[in-house]
Amino acid sequence: MAEHNDPAAGLPEAPATGPTRKSTRAAVARTASVPVPTATAAVTRSVPASRAPQSRRFGKPVRSAVILSMVAGMVATVAIPAYAATMPAAETVTLQQMSAPDNQSLVVASDATAETLDRSSYSATTAEEIQKKKDQEAAAAAAAERARELAANAAKASTSSGPVSSVDLNMTAPGSGEVRWPLTSYTLGRGLWDSGYHQGVDLLAPGGQPIFAAAAGVVSVSQESYGGYGVAIVIEHVINGQKVSTTYGHMTYGSRQVQAGQTVAAGQLIGLVGSTGSSTANHLHFEVHINGSVVDPYAWLQQNAG
């Protein structure tokens, strides 16, 4: 037979008053009709209720720490470059200062004396002075090359027509007139305007033969290289009140006996026959200009030389 447990059996007894006892029993009856939750459900509801405040207590400090770390990082990122830019100049280090420990040192003896620099002991290096020095070096090199050419041509002339040193430099052209023949012996070659543009006459003669001034005058040109004339001399004269200019071309290198500005006498030795400039054989190219006009030099010599 099943037992029937009265839910109110465990309750303390109250005075048996009429209405009160009935109310108690009614309350017990209602309580007995409500389903009692299981232990698991009660635990499930009670655990979050008891732990929620604890999680919130730990979560807030963690978030605060993270936020403070981020703020500190941002402040450091902005502040460090600004601090570096405002460093005092005394704290900056140059390459020279960094390499100072490796610098070499020079120990000077106590008896060393100071020496005053002289302007002549060094040369300036302005652009103008550098260019001038280069021009001087180039001119010196050209002069040296010309000297070598002179020596070579002199050797060639001495081989074909005898040594230049054998010429008597005191010789003068024969005759006593105001105009003299520039050569004592020759073979007539190309004349005025022959074979194209030719302003003189070619007097063929062996290399090294003396050349004389056709008249007294002043040397206006005396050069080792005078265009197509090669080694040449030009003399200005005044003959019978007229301005006369005589030209002597294709002389031997180094044979010129007069210089520009020098006064010469009629028949004076001025150089030696050669084949310099635009020339293919030993000869004297002789020109005559009267008052600036070209004349036939051979006809002029025939008429005036004596």
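The values are calculated or read from the model by the stated rules, or taken from the named source; none is laboratory data. Keep in mind it's a predicted model, so treat the numbers as computed, not measured. Every residue, glycine as well, gets a Cβ built from its backbone with ideal geometry; the counts of neighbours run over all protein chains shown.
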**Fill in**
From the option list 273, 294, single residue qualifying as at pLDDT 95 or above and either aliphatic (A, V, I, L, M) or not in a strand (DSSP E or B) (or both) is 273
**Prompt:** Residues of the stretch 230-243 being under 12 Å from residue 218 (Cβ atoms) and of a type in the set (A, V, I, L, M), which ones?
**Reply:** 233, 234, 235, 238
**Request:** Would you list the strands (runs of 3 or more DSSP E) that sit entirely within the stretch 171-247 and hold 2 or more residues that are touching an Asp or Glu at 6+ places or on another chain (Cβ under 7 Å) and surrounded by fewer than 22 Cβ atoms within 10 Å (Cβ to Cβ)?
**Result:** 217-223
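Residue 298: of a type outside the set (A, V, I, L, M) and in contact with a His (Cβ under 8 Å, 6 or more places away or on another chain), yes or no? First the steps, then the outcome.
Numbers: of a type outside the set (A, V, I, L, M): yes; in contact with a His (Cβ under 8 Å, 6 or more places away or on another chain): no.
Considered against the rule, which asks whether it is of a type outside the set (A, V, I, L, M) and in contact with a His (Cβ under 8 Å, 6 or more places away or on another chain), residue 298 comes out as no.
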**Message:** Considering only residues that are without any contact (Cβ under 8 Å) to a residue 40 or more places away in the chain, under 20 Å from residue 296 (Cα atoms) and either of a type in the set (A, V, I, L, M, F, W, C) or touching a His at 6+ places or on another chain (Cβ under 9 Å) (or both), which ones fall in the stretch 211-258?
**Reply:** 233, 234, 235, 238, 250
**Request:** Answer yes or no: is there a residue in the stretch 276-285 that is in a strand (DSSP E or B), under 13 Å from residue 199 (Cβ atoms) and modelled with pLDDT of 95 or more.
**Result:** yes
